[in-house]
Each structure stands twice: as C-alpha cells, then as structure tokens.
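Novice: Structure incoming, see below.
The values are calculated or read from the model by the stated rules, or taken from the named source; none is laboratory data. As the structure is a prediction and not an experimental result, all values here were calculated from the model. Every residue, glycine among them, receives a Cβ derived from its backbone with ideal geometry; neighbour counts consider all protein chains shown.
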Amino acid sequence: MNILHIAESAKGGVGTYLAEILPWQAERFGSDHVRALVPVQHATHITGIDRRQLVTWRRADRSMTGVLGFAAAIRAEVERFRPTIVHAHSSFAGAVVRLLYGWKRAPFGIVYCPHGWAFDRRSPTIKKRVLERIERSLAPLADRIVLISEHERQEALRIGIAPERLTLVLNGIADCPPARPAKWEDDRVRVLFVGRLDEQKGLDTLLDAIEPINDRVAVRVIGRAVAGPAAQPRRRQNQVEYLGWRSLAEVSTEIAAADVVAVPSRWEGFGLVALEAMRGNCAVVASAVGGLREIVVEGETGHLIPPNQPERLMKALAAHDRPTWRAMGAAGRLRYETLFTAQRMNIELAALYAELDSAPAERREEPAPAAYA
C-alpha cells in the first residue's frame with residue numbers, strides 16, 4: 001500500500017498531525033510507501049520525521065497561478081508515486097484533490113480531512129453558506145471524510161453530508177517522557193497560554209479576565225503576535241510574562257510548571273493545546289466551542305466556559321487553589337491515556353485505509369454533483 005498525504009499548508013495543527021502519523025505509517029507500511037507533499041516553506045514545521053518522506057513544491061498565493069502550480073505538483077507526485085490512498089488535509093487541498101480525481105474512477109482511494117470546517121470559523125453568514133454549499137457538493141467526490149472531533153461530524157451531518165461518507169477518528173498525540181518543569185517561582189496560581197496571539201485564540205479575553213485577580217494568578221504567554229484587534233498593544237500587566245514562540249520541548253517544560261492551561265478560543269476544530277496540557281498532567285480551562293467540549297470534562301479535568309466572557313473566565317481561574325488544579329491535571333492525564341493517544345488514532349486510520357483498499361470497485365458509484373459534472 002502506498003499512502004500519499006497532501007497538504008497545501010503544513011503549519012499549525014496540520015503540521016502536528018502529519019508529525020504524529022508519518023513515522024507510525026512509515027513503520028507500519030514501510031518508509032518507501034509513505035509520502036507527504038507539502039510546501040517547501042512549511043517543511044520545517046513537521047518535526048521528528050524522516051525527511052525523505054517529504055516531497056515539496058514552492059507554494060505561491062491562492063491565485064489561479066498558485067492553484068495551477070499546486071495542481072501540477074499533485075499530478076506529478078501521483079504519477080511518480082502511484083498511491084493506493086491519497087489523504088488530503090484541510091479544505092484547500094481537499095478541494096483540489098477531489099476536483100482533480102474525484103469525478104472519475106481514480107486508481108486510488110481519496111480520503112479528506114478538513115481539520116476543522118472552514119464554514120465553522122467566525123465569518124459573515126453569506127460566506128459560511130457558500131462554504132457549506134461547496135463542502136456539500138464536493139463530499140461525494142471523496143471515498144471517505146475523516147473527522148477529528150464529534151463536533152466536526154455533527155456539523156457535516158447538519159449541512160447534509162451523507163453519514164456513510166464520514167468516519168470519526170478523534171485526534172491524538174504521542175506520549176512523551178515527563179518533562180522537567182521550567183523555572184517558575186511564583187506562589188500564585190500559574191496559568192499558561194499557548195497559541196497565536198490573534199482573534200481566534202482569545203488572548204485578549206484572558207488578559208481582561210485576569211486584570212481583577214492579579215494578586216491570585218500569574219500568567220505566561222507562549223506565541224507570536226499577529227495583526228488585528230486581539231493583538232493590539234495594551235498596558236503590560238505585572239502578572240503576565242511573554243515568552244514568544246517556544247519549541248515543542250520547551251512548551252512541555254512550561255506545561256509541567258503550570259497549574260492550568262487556558263484555551264479561551266472563539267472557535268476551534270479540535271484544540272491540540274488542551275491535549276498537550278492533559279498529557280502533561282495539567283488542568284485546562286477552555287471555551288466551550290468545537291472539539292474542546294469533547295476534550296475537557298467540566299469539573300473533573302478543568303472547566304468549560306462560554307467564549308468572549310472574561311468575567312466567567314476570571315471566576316473559573318480563581319475557583320481553585322494549586323493542589324486542586326493539580327488533582328484535575330491528574331484526571332486529565334488519565335483521560336488522555338484513555339481516549340487521545342496517537343497510537344489509537346493511527347490504528348484507526350490504518351483500518352480505514354485497509355477498508356478502502358479492499359473494495360476499489362465500489363468507489364464513487366454515484367455521479368458527480370451537477371455543478372462539477
């Protein structure tokens with residue numbers, strides 16, 4: 001079996017996902033039988049893999065020229081590698097792969113993982129409706145759509161994608177040895193934020209929340225500022241320390257030193273930071289959005305709060321002392337071990353590939369949607 005992964009962007013969650021599945025699949029199927037086509041600009045975002053598994057092209061913008069260049073790179077690698085399974089990651093790669101091959105009986109199975117629906121992000125209603133229609137129209141052109149959370153699956157059903165097209169494979173991350181805690185000498189509750197400093201991730205909500213309780217919490221922020229209202233400069237708070245970007249290993253040491261990880265996102269397809277916290281025995285306070293509602297158990301491994309409500313976030317962060325947060329972190333570690341390991345995720349993906357490989361004649365029996373016929 002030859003497996004070709006295709007990603008038009010390998011930053012963030014997609015890069016982390018590929019880093020979790022490529023080494024396992026190389027060991028399972030053989031390193032010569034697993035490839036990933038990714039932008040050369042993003043190749044370094046996929047860590048811990050055999051670099052020979054990566055095939056790159058120079059990503060341009062999403063103009064017509066850029067789309068054609070991406071399509072040409074896909075065609076060239078499909079012709080060279082002759083895959084059994086093509087696994088497209090995120091909506092842009094998913095659309096291009098399905099439009100290139102989904103309308104005909106390709107000699108390989110097509111798997112598409114949206115990694116968070118584009119229509120589930122904050123955007124104008126008309127844009128959401130257009131994106132929903134596109135996803136609904138393209139859905140029959142994939143043999144299977146892999147959803148990384150139950151929330152994502154429910155959204156697919158809501159917009160009218162047939163349930164038999166969908167396979168739920170909860171996201172997972174590999175375990176790692178306990179990290180040595182970073183130096184953090186503070187008697188207050190230690191709160192860690194990890195993520196982009198943009199509207200989606202909600203750092204501004206966290207900063208507003210901690211203002212009235214600066215005598216009770218200390219905050220460290222790992223991430224990089226981007227343009228936009230959520231990242232506008234504000235008066236530096238004496239309990240907030242900005243660390244900039246950190247490596248995955250460094251993030252693990254900060255999680256080990258923290259009492260609670262705050263994930264105040266406005267929207268999320270899944271929320272890998274919450275899993276990383278639970279893996280590291282750390283409690284989580286997160287927005288009740290997207291897949292985060294499936295990761296955090298209210299009152300057991302942390303707390304779920306409505307997004308955009310600093311007062312509710314403040315009350316949650318001020319609710320417990322450090323020993324109580326640590327007990328919640330231990331419960332989170334047990335939940336990670338039970339539900340969210342990379343081993344479980346990889347076994348389920350391999351079973352899906354085997355299922356598609358065993359029944360090639362049954363692929364795409366229904367006609368393509370009229371808009372693309």
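Novice: Working only within the stretch 258-307, note down all residues that are in a loop (DSSP other than H, G, I, E, B), closer than 16 Å to residue 333 by Cβ and not hydroxyl-bearing (Ser, Thr, Tyr).
Specialist: Scanning the stretch 258-307 gives 258, 259, 280, 281, 282, 296, 297, 300.
Novice: Return a yes/no flag: does the stretch 169-177 have any residue that is closer than 18 Å to residue 115 by Cβ, at pLDDT 95 or above, part of a helix (DSSP H, G or I) and touching a helix residue (DSSP H, G or I) at 6+ places or on another chain (Cβ under 9 Å).
Specialist: The answer is no, given that none of the residues of the stretch 169-177 is closer than 18 Å to residue 115 by Cβ, at pLDDT 95 or above, part of a helix (DSSP H, G or I) and touching a helix residue (DSSP H, G or I) at 6+ places or on another chain (Cβ under 9 Å).
Novice: Continuing with the same structure: Can you find, within the stretch 133-155, the residue that is nearest to the chain's Cα centre (by Cα) among those that are under 23 Å from residue 12 (Cα atoms) and not hydrophobic (A, V, I, L, M, F, W, C)? Walk me through how you get there before you give the answer.
Specialist: Going residue by residue through the stretch 133-155, those that are under 23 Å from residue 12 (Cα atoms) are 135, 145-153, 155.
With the extra rule that they be not hydrophobic (A, V, I, L, M, F, W, C), the set shrinks to 135, 149-153, 155.
On the way: 135: 19, 149: 10, 150: 14, 151: 13, 152: 12, 153: 15, 155: 16 Å.
Applying the filter and picking the extreme gives 149.
Novice: Whether any residue in the stretch 156-164 is farther than 29 Å from residue 70 by Cα, crowded, with 16+ Cβ neighbours inside 10 Å and assigned by TED's automatic domain parsing to the domain that holds residue 83 is what I want to check.
Specialist: Checked against the condition, which is being farther than 29 Å from residue 70 by Cα, crowded, with 16+ Cβ neighbours inside 10 Å and assigned by TED's automatic domain parsing to the domain that holds residue 83, the stretch 156-164 yields no hits at all.
Novice: From 60, 36, 43, 10, grab the single residue that is of a type in the set (Gly, Ala, Ser) and assigned to a helix (DSSP H, G or I).
Specialist: Of 60, 36, 43, 10, the one residue that is of a type in the set (Gly, Ala, Ser) and assigned to a helix (DSSP H, G or I) is 43.
Novice: Ok, one more. Against the condition touching a Gly at 6+ places or on another chain (Cβ under 8 Å) and farther than 26 Å from residue 341 by Cα, how does residue 207 come out, does it pass?
Specialist: The answer is no for residue 207.
Novice: If residue 107 satisfies every condition in (1) surrounded by fewer than 22 Cβ atoms within 10 Å (Cβ to Cβ); (2) touching a residue at least 60 places away in the same chain (Cβ under 8 Å); (3) within 21 Å of residue 290 (Cα to Cα) but one, which is the exception?
Specialist: Only one criterion is unmet by residue 107, namely (3).
Novice: From (1) within 19 Å of the chain's Cα centre (by Cα); (2) more than 15 Å from residue 149 (Cα to Cα); (3) not in a loop (DSSP other than H, G, I, E, B), pick out the condition that doesn't hold for residue 324.
Specialist: Condition (1) is where residue 324 drops out.
Novice: Restricting attention to the stretch 217-230, does a residue exist that is part of a loop (DSSP other than H, G, I, E, B), farther than 27 Å from residue 149 by Cβ, at pLDDT below 90 and not charged (D, E, K, R)? Break it down stepwise before answering.
Specialist: Here is the first cut: in the stretch 217-230, the residues part of a loop (DSSP other than H, G, I, E, B) are 223-224, 226-228.
Filter once more, keeping what is farther than 27 Å from residue 149 by Cβ: 227.
This time we only want the ones that are at pLDDT below 90, so: 227.
Adding the requirement that they be not charged (D, E, K, R) leaves 227.
Checked the stretch 217-230: at least one residue is part of a loop (DSSP other than H, G, I, E, B), farther than 27 Å from residue 149 by Cβ, at pLDDT below 90 and not charged (D, E, K, R).
Novice: May I pose another question? Is it fair to say residue 293 is within 23 Å of residue 115 (Cα to Cα), charged (D, E, K, R) and surrounded by 15 or more Cβ atoms within 10 Å (Cβ to Cβ)?
Specialist: The answer is yes for residue 293.
Novice: For residues that are assigned to a loop (DSSP other than H, G, I, E, B) and of a type in the set (Gly, Ala, Ser), scanning just the stretch 126-167, find the one that is farthest from residue 289 (Cα to Cα).
Specialist: Out of the qualifying residues, it is 142.
Novice: I'm trying to understand the selection: among the residues of the stretch 173-210, which are exposed (fewer than 15 other Cβ atoms within 10 Å of the Cβ) and among the charged types (D, E, K, R)?
Specialist: 175, 180, 183, 185, 186, 187
Novice: State the number of residues belonging to the stretch 57-98 that are under 29 Å from residue 249 (Cα atoms) and surrounded by fewer than 16 Cβ atoms within 10 Å (Cβ to Cβ).
Specialist: Matching residues across the stretch 57-98 total 1.
Novice: Given (1) assigned by TED's automatic domain parsing to the domain that holds residue 93; (2) under 24 Å from residue 271 (Cβ atoms); (3) touching a strand residue (DSSP E or B) at 6+ places or on another chain (Cβ under 7 Å), where does residue 143 come up short, assuming only one miss?
Specialist: Every listed condition holds for residue 143 apart from (2).
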